Structures are given as structure tokens and as C-alpha cells.
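Data first, discussion second: the structure below is written as C-alpha cells.
The values are calculated or read from the model by the stated rules, or taken from the named source; none is laboratory data. Not measured: the values here are computed from a predicted model. Quick reminder, even Gly has a Cβ in these numbers, built from the backbone with ideal geometry, and neighbours come from all protein chains shown. When the accessible area is computed, the model is the full protein with side chains, heavy atoms only, and any ligands, DNA or RNA have been set aside. Shrake-Rupley method; radii C 1.70, N 1.55, O 1.52, S 1.80 Å.
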Amino acid sequence: MSARKLKVVLTRRLPDAVETRMRELFDAELNLKDQPMDRAALEAAVQRAEVLVPTITDVIDAALINGAGEQLKMIANFGAGVDHIDIDAAVARGIIVTNTPGVLTEDTADLAMSLILAVSRRIVEGAQVVADNRFEGWTPTWMCGRKLWGKRLGIVGMGRIGQALARRAKAFGLQVHYHNRKPVSALVEEELGATYWDDVDQMLARMDVVSLNCPATKDTHHLLSAERLARLQPHAILINTARGELIDEAALAEAVAARRLYGVGLDVFENEPAIHPGLLGHPNVVLLPHLGSATLEARQDMGDRVIANVMTYQNGHRPPDRVIPAML
């Protein structure tokens with residue numbers, strides 16, 4: 001192991017145990033205020049950091065990377081998604097980019113299933129009735145939601161999280177359908193009882209619930225456009241725990257206002273943290289503040305993966321979670 005410690009700059013506050021371990025292993029510069037770095041602060045950080053540890057709130061674009069000092073050799077992202085980082089620009093500069101895949105799979109799948117349940121059974125709406133002291137007793141026809149058992153779930157993106165959601169959905173009696181760049185293995189399909197659709201438009205038009213679980217790329221930007229939203233059935237539920245850019249939020253707001261969907265559950269937004277005002281105030285729209293990986297265990301595990309990647313690089317080896325353009 002090299003006796004010299006790498007200069008590591010963290011853009012946000014991370015769990016205490018992660019920060020403490022980073023201070024032990026590296027020359028780690030912490031963000032004690034936990035305020036997102038503005039552009040000037042990021043530009044200054046890449047002038048002194050050998051390793052930058054950003055999060056999804058940081059825009060690490062080509063201009064920032066090209067303006068970095070020669071000492072910047074690694075961007076160790078705290079999170080699985082890297083759509084906020086210009087991977088091509090980093091590779092061109094010889095900068096290694098890593099992420100933290102796998103550790104938030106189960107937590108994000110839990111949240112997606114929670115949103116499906118919350119929207120279908122009007123859970124948030126019902127809880128608000130009780131909180132407002134408006135509950136006057138049970139009646140046969142009041143607050144009826146939609147049954148999940150036997151319904152069709154269409155998963156867009158059958159990676160780790162999509163498969164984890166499918167396992168949960170199967171336990172709730174949902175029929176699993178999916179669209180992916182290519183089919184999953186026959187063993188996985190058999191385990192999940194999943195039906196593959198090579199045409200996403202054909203699948204969307206036939207589903208009772210649609211869940212977006214794919215990464216944000218140039219190809220998936222506004223994957224659910226106004227045209228595709230119009231393909232969903234009026235009784236359909238739309239769930240997004242992946243990236244806000246996957247949905248044309250203005251078009252979704254129009255669909256909600258026109259009551260062309262039964263309900264919507266979102267944990268991410270196109271212009272986060274801003275939310276399209278047309279999505280606010282609707283009882284059939286459940287909005288969460290990006291809670292997908294928000295468990296103590298997941299955030300600790302994410303930090304541990306960052307440390308493992310930086311330590312591997314510091315020891316002169318290839319980091320296990322290196323991201324290259326061909327993977328995107």
C-alpha cells in the first residue's frame with residue numbers, strides 16, 4: 001500500500017461511519033454543512049481532488065471534467081446511477097469513474113412495491129382523512145381502491161431492481177410482464193413467470209400497472225412521452241422510482257388533469273427537486289422525496305462500496321465497480 005494518502009473530496013455529507021473510515025484511509029475533505037456544492041465550488045474541488053466523490057445532486061459535465069486539474073484521476077460516485085456524469089469526457093481525460101451498484105436494489109424495489117400498494121389502495125389519501133379527523137366510520141362504497149391480485153404488471157427495465165420488484169409483485173399475485181433491451185435468462189423468466197415484450201408500446205397498452213426501472217440515457221429520455229402515456233389504459237397505475245427524465249412530466253400532468261390514468265406514484269422528478277405544479281394536489285398522485293435508497297443500511301453499504309473502489313485504485317488495481325461507456 002502506498003504510504004501517501006489520496007486527496008479525496010466529498011461533495012455531500014455521508015453517514016458518520018463512512019466519513020470516519022474515509023478520514024482514516026485517505027486525506028478526506030468532508031462537506032460538514034451538507035449543502036450541495038454550487039458550480040464554483042465544484043470547479044474548485046476538481047482543481048485539488050485526486051478523487052472526487054459526488055452524488056446525484058452534482059452535475060459532473062464535460063466542461064467541469066475538462067477544466068479539472070491534472071491530479072484528478074478518479075470520480076467515485078456515491079450511488080448507482082451515473083447519468084449526472086459525462087462518462088465519455090472522463091474516459092477521454094483518463095479519469096476512472098465508479099459507482100455503487102447492487103447495494104440499493106432491495107430497498108428501491110421495496111419502495112416501488114410500496115408505491116404500487118399506496119396508489120392502488122389509496123393509502124395516502126385514507127391516512128390524510130384520519131389525520132384531518134374526517135373519518136366518520138366504515139361504509140360499503142367509500143374509499144374503494146383497486147385489487148392487485150391477478151392484475152398485469154409491466155416492468156420497463158429488467159435489471160437488478162426490475163427483477164427484485166418482480167419477485168415482490170409475484171408474491172402479491174401480479175402477473176409479471178417486462179420490456180428490456182434483451183430478454184433475461186430462461187431461468188429468471190421461469191422463476192418470475194415473466195412474459196417478455198420486445199415492443200414497449202404493445203406492452204404499455206395492455207398493463208394494469210407500469211413500473212419504470214431502467215437507467216436514464218439518451219435513448220430513455222422521455223421514454224414515456226405524451227404519445228406513450230396516451231397508450232396506457234384509463235385504469236392503469238404508473239410508477240417511477242428510477243429517474244425523473246424517463247417521463248415527460250408536463251405530458252403526465254396533462255394526463256392526470258384529464259383523468260386518463262387511475263393513479264401515479266413518483267419518487268423521482270424530471271427537474272428535481274422542482275415538481276411540475278400540475279402533479280400537485282391530486283388524491284390519486286403519490287409523490288415521495290426520492291426515498292428509493294433511503295435506508296440506513298443502503299447508505300452505509302453505498303459508502304462502503306465507494307471506499308472499496310478508492311482503496312483498490314490507491315493500491316494500484318482496477319476498481320471493481322468501474323463504469324465505461326459501453327455499459328450505458
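The table below lists the values:
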item	result
With Cα atoms, 0 to 90° folded angle of helix 39-48 axis to the chain main axis	40
Helix axis angle, 160-171 relative to the chain longest principal axis, alpha carbon, degrees	30
Modelled FRET efficiency - R0 22 Å, ALA226 with GLN202, Cβ distances, 0.05 increments	0.75
Degrees, to the nearest 10: 105-120 long Cα axis against longest axis of the chain	30
Count of lysine pairs in the chain with Cα separation under 23 Å (8 or more residues apart, or interchain)	7
Accessible surface of the chain, 1.4 Å probe, proportion on carbon and sulfur as whole %	54
Potential lengthening between THR295 and ALA326 on full extension [0.36 nm per residue; Cα-Cα distance subtracted]	8.1 nm
Cα pair distances of the stretch 126-172 binned at 10 Å [whole percent]	20, 30, 23, 23, 3
Theoretical ellipticity at 222 nm over the chain - DSSP helices of four or more residues, -39500 (n - 2.57) apiece, nearest 500	-10000 deg cm²/dmol
Two-site label geometry, LEU187 and LEU25: point separation in nm, points 7 Å out along Cα→Cβ	3.1
Local net charge near ASP27, Cβ-Cβ under 12 Å (Lys/Arg +1, Asp/Glu -1)	+2
With all protein chains modelled, accessible area of GLU270 [1.4 Å, Å²]	40
Length released on extending from ALA63 to ILE123, taking residue separation times 0.36 nm less the Cα-Cα span	17.1 nm
Å² of accessible area per residue within the chain, as computed with a 1.4 Å probe and no ligands counted	49
Where labels lie 7 Å past Cα in the beta-carbon direction, separation of ARG39 and GLU136 in nm	5.6
